[in-house]
1. For region 31-77, give me each residue that is more than 18 Å from Gly11 (Cβ to Cβ), in a helix (DSSP H, G or I) and either polar (S, T, N, Q) or open to solvent by 60 Å² or more (accessible area, probe 1.4 Å) (or both).
2. Please work out if Ser70 is free of Cβ contacts under 8 Å to residues at least 40 places away in the same chain and among the polar types (S, T, N, Q).
3. Of everything in region 1-30, what is open to solvent by less than 20 Å² (accessible area, probe 1.4 Å) and more than 14 Å from Lys65 (Cβ to Cβ)? Give them in sequence order.
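The values are calculated or read from the model by the stated rules, or taken from the named source; none is laboratory data. Here the structure is a predicted model, which is why all the values come from computation and not from measurement. With ideal geometry, Cβ positions are generated from the backbone for all residues, glycine too; neighbour counts draw on all protein chains shown. For the accessible areas, the whole protein counts, side chains as well, though only heavy atoms, and no ligand, DNA or RNA atoms are used. Shrake-Rupley method; radii C 1.70, N 1.55, O 1.52, S 1.80 Å.
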Amino acid sequence: MVKALNQLRSGEQGRVNKIIGTGVIQRRLLDMGITPGTAIQVQKFAPLGDPMEIKAKGFNLSLRKAEAESIQVDVAL
């Protein structure tokens, strides 16, 4: 099942299918190592829900929900 990364809950994981964003957002995500095929796990959310912390390639990264919305993930069932 394909979902946007911002729709996942804490503890859920999947694999990046596609990055929809363009321009600066897409470049920033690619520079952080979030590329198609990368395994991602949602670690936690800030108290007000934004930003979210994910784990990708052994690194913990913080993303705004608007950035996470542009990442399509194949959810592991």
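1. Within region 31-77, Asp31, Ala66 meet the criteria.
2. Judged against the criteria, Ser70 is not a match.
3. Matches in region 1-30: Gly14, Val16.
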